[in-house]
Amino acid sequence: MSSLSEYAALKAQVLSSLDRYESVLKEGKLSEPSLNGTQMHETDHPGYLASKDFWDARDVLVAALGALKNTVQSPANRLQELSVAHHISAALQVAVRANAADQLAAAGPQGLPATDLAKAVGLHPAKLTKVLRFLANMNIFNEVTEGVFANNRASSLLVTSNPVRDFVSWQTSFSLKAAPQVADNLFDPKKGLSLDPLDCAVGTTYQIRESGHTDMWGRMAELTDMSEFARAMSAFGDAGNPGWVADYPWDSLGDTTLVDVGGGHGALTLPLLQAFPHFKGVIQDRLEVEGAYKTHFEQKLPEALSSNRVKFEVYDFFNDVQPHKGDGFTYMMRWILHDWPDYKCEIILKLIAAAMSPKSKLIIVDTILQPASIVPKDANPADLIHASVWPLPRSQGAAGQFKMNIDFEMMQALNATERTPKDFDRILNAAGLKRTGMYKCRAQSDIVEAMLA
Ligand SMILES: C[S@@+](CC[C@H](N)C(=O)[O-])C[C@H]1O[C@@H](n2cnc3c(N)ncnc32)[C@H](O)[C@@H]1O
């Protein structure tokens, strides 16, 4: 057991994590990542499946670096900085709307004066300079010489052809507008204590109920470009698919038909049908999604359509009896339960449980949240879901921040939540199911497996 002080342990962790990270790079014949260059790292490419060692080494390194920074920085300065974190979202929105990354991609490493960039999009040059400098200070864009900016590895992702830009654009517009409502919403004596999906900050901001809608999706379609949202989601789907396919023992399911409940256009079913030619798929979703499903499979896996290996079914997961019953089916839900509060999840889960046989499996792809409590000094790494060590939090600090952000987002936008293993047990048990496995995946979400209790 370590007898080091917390500070000394963090310092040692940063150094040993760096060594481990570098040796994993070497073993994988991977290059050193660049900060200011524009070249993507091999592991940045969506679809690249880095080794488990790489994921763990990078996570612990990022968490340790973040914790050491939090230790040495003045706490007052840190709180001041964090309380104006909304400036980051605002600056990113300006950069995206100004198409700065596209303009700079054409200019190459010598960059362009912000005055030229500003002129092209009708902005005040000094104001755009301020925004780009603000971001360059966080290593998003380079300020090559005073007032002249170039892309770097991070800002290169903000070009219009990259779905990461769509995520940034959607978050810094639709979602950011609801953020100031969160505190008022939580303190509202009625809405704050309600778990009705419309009583959340997004519901108030966009007057979802008042405009006659019953959920966020319909109102969003009225107010925003839903194809941007779909592209934003694909930024995660495409990057995570290799991990979800590799990190669950799909082969053990034998000849099965995957029933993808709320499957959208089949973003998870498609790579699974590609990887396991003996699988069949049924994608169940709302009628509006059928067109996107057809296009998706026509473009990427037409064979599955022509051979009837996949089909789409209009299905309401709150009201319809699950038509596919018994041993031959595996039920699957990616990013469904995290969209709903417990009482709604229980309805969805009970309808699935009623169709399951004692051998059937339900595969839930969602974030497995961990508490932010500090990992004990004598923790067994095998007992931790996500790689972490003393004195870092189980939730991985800086490395787990995005999971926390999405959890917060679920509350703000849908009165919903990501879940810890205990939370999963609560909703599964209420529906007559039990958790039979947890699989940490090389993706932004993990896999929870359940069977009949
Ligand atoms: C966050 S998306 C996830 C889509 C898909 N599972 C994936 O991983 O890409 C949520 C999906 O739930 C679907 N949905 C919402 N309410 C539904 C309902 N009552 N019945 C069936 N699907 C529904 C939406 O149309 C959408 O496709």
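Since every read-out is calculated from the coordinates, none of them should be taken as a lab result. Since the model is a prediction, treat every value here as computed from it, not as a measurement. All Cβ positions, even for glycine, are placed from backbone atoms using ideal geometry, and neighbour counts span all protein chains on display.
Structure summary
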| item | result |
| --- | --- |
| Full-extension gain in nm, residue 276 to residue 74, via 0.36 nm per residue minus C-alpha separation | 67.4 nm |
| Rough spin-label spacing in nm, given labels placed 7 Å along Cα→Cβ, for residue 52 and residue 130 | 5.1 |
| Share antiparallel - DSSP beta bridges, the chain, percent rounded to 5 | 45 |
| Relative exposure of 330, 256, judged by other C-beta atoms within 10 Å (fewest first) | 256, 330 |
| Residues of segment 226-262 with amide N under 13 Å of the 7 Å Cα→Cβ point at residue 327 | 254-256 |
| Dipole axis of segment 214-263 (+1 Lys, Arg; -1 Asp, Glu on Cβ), positive-most option in 249, 235, 224 | 224 |
| Packing-based exposure ordering (other Cβ within 10 Å, fewest first) of 440, 350 | 350, 440 |
| Cβ-derived FRET efficiency at R0 45 Å, residue 27 paired with residue 173, nearest 0.05 | 0.60 |
| Alpha-carbon radius of gyration plus Dmax, which is the widest Cα pair, for segment 6-79 in Å | 14.4, 42 |
| At q = 0.24 Å⁻¹, base-10 log of I(q)/I(0) for segment 90-151 (Debye sum, equal scatterers on each alpha carbon) | -0.93 |
| Long-range tail of P(r) for segment 302-396 (Cα pairs > 22 Å, %) | 52 |
| Interchain or long-range residues, amide H under 5 Å from residue 310's placed H | 281 |
| Net lengthening on full extension, residue 145/residue 120 (0.36 nm per residue, minus Cα-Cα) | 7.0 nm |
| Peptides ranked, highest mean first, by Cβ atoms within 10 Å: ranges 216-227, 72-83, 371-382 | 216-227, 371-382, 72-83 |
| Binned Cα-Cα distances of segment 168-224, short to long, each 10 Å bin given as a whole percent | 24, 54, 21, 0 |
| Only Lys, Arg (+1) and Asp, Glu (-1) charged, at Cβ; segment 168-224 dipole about Cα centre in debye | 80 |
| Residues 84, 148, sorted so that the one with the fewest Cβ neighbours within 10 Å comes first | 84, 148 |
| For residue 438, residues with placed amide H under 5 Å, excluding near neighbours | 449 |
| Förster-model FRET efficiency, 56 Å R0, residue 405 and residue 110, C-beta, rounded to 0.05 | 0.95 |
| Hz values of 3J(HN,Hα) by residue in segment 104-118 - Karplus curve (6.51, -1.76, 1.60), Gly and Pro given as x | 6, 4, 6, 7, x, x, 6, x, 9, x, 4, 4, 5, 4, 5 |
| Sequence-distant residues sharing a close amide H with residue 334 (under 5 Å, placed H) | 365 |
| Normalised alpha carbon radius of gyration of the chain [divisor 2.2 N^0.38 Å] | 1.03 |
| Residue 215 paired with residue 314, simple spin-label distance in nm, labels 7 Å along Cα-to-beta-carbon | 1.5 |
| Computed label-point distance, nm, for sites residue 294 and residue 195 using a 7 Å Cα→Cβ extension | 3.9 |
| Protection-proxy order for peptides 409-422, 27-40, 288-301, each taking the mean of Cβ atoms within 10 Å per residue, highest first | 409-422, 288-301, 27-40 |
| Lysines with Cα under 28 Å of residue 130, excluding same-chain neighbours fewer than 8 positions away | 69, 119, 177 |
